[in-house]
Amino acid sequence: MSRRYPDRPLIGVGAILFAVELDRVLLIRRAAPPAQGLWSIPGGLVELGEGLERACRREAQEEVGLQVELQQVAKLVERIIPDAAGEVEYHYLIADFWGIAPTDVEPIASSDASAARWVPLAEIPELPTTRGLPRAIERALCLARGEQPDSPLLECFVGVSG
């Protein structure tokens with residue numbers, strides 16, 4: 001099935017990966033639409049017969065070359081992007097997991113990423129990111145610290161990509 005103009009929503013995953021100190025997060029710059037050129041987290045589509053967590057680990061390996069251990073779902077995102085005529089061009093349901101990634105291995109951008117790097121949390125507001133990414137990272141950080149997040153688990157975005 002095509003990603004553009006699908007006949008049903010596509011299921012995706014994302015990996016919110018922190019350094020062990022919880023002071024940095026691993027971000028990638030998207031190399032393809034939607035949201036091309038924006039900073040986001042490693043992720044992609046779930047393959048037939050593949051579980052969500054397994055798909056997320058696979059995508060992290062493919063996009064940044066890291067073996068990661070994931071914890072729990074930090075955020076669920078519904079993203080619907082219509083074209084100029086109002087037809088649904090993209091429709092994703094995305095489960096973002098959080099985890100800790102090794103920082104002794106430098107991430108290498110590949111697959112759908114044009115760049116990959118560890119970003120200090122304080123720098124995230126300055127970056128052009130995909131819509132809702134700072135809130136998702138904040139929610140995941142609360143979970144990583146053992147705190148109760150104050151933002152909702154599910155967030156829906158309808159409209160422009162990003």
Next on the checklist: What's the total number of residues in region 64-103 that are loosely packed, with under 15 Cβ neighbours inside 10 Å, farther than 18 Å from CYS142 by Cβ and under 15 Å from the mean Cα position of the chain (by Cα)?
Outcome noted: 1
Next on the checklist: Based on this model, can you work out whether ALA140 counts as within 16 Å of the chain's Cα centre (by Cα), at pLDDT 95 or above and within 18 Å of VAL20 (Cβ to Cβ)?
Outcome noted: yes
Next on the checklist: I need a count of the residues in region 115-126 that are exposed (fewer than 15 other Cβ atoms within 10 Å of the Cβ) and under 24 Å from GLY159 (Cβ atoms).
Outcome noted: 2
Checklist entry - Restricting attention to region 106-120, which residues are in a strand (DSSP E or B), out of contact with any helix residue (DSSP H, G or I) (no Cβ under 7 Å at 6 or more places or on another chain) and either small (Gly, Ala, Ser) or over 18 Å from CYS142 (Cα atoms) (or both)? => result SER114, ALA115, ARG117, TRP118
Checklist entry - Mind checking which residues of region 127-148 are of a type outside the set (A, V, I, L, M, F, W, C), out of contact with any Leu (no Cβ under 6 Å at 6 or more places or on another chain), touching a residue at least 12 places away in the same chain (Cβ under 8 Å) and surrounded by fewer than 16 Cβ atoms within 10 Å (Cβ to Cβ)? => result ARG135, ARG145
Checklist entry - Take the residues of region 69-105 that are assigned to a loop (DSSP other than H, G, I, E, B) and touching a Phe, Trp or Tyr at 6+ places or on another chain (Cβ under 9 Å): which is nearest to GLU147 (Cα to Cα)? => result ALA101
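The values are calculated or read from the model by the stated rules, or taken from the named source; none is laboratory data. The shown structure was predicted, so the numbers you read here are calculated from the model rather than taken from an experiment. As a convention, Cβ positions derive from the backbone with ideal geometry for all residues, glycine included, and neighbour counts pool all protein chains shown.
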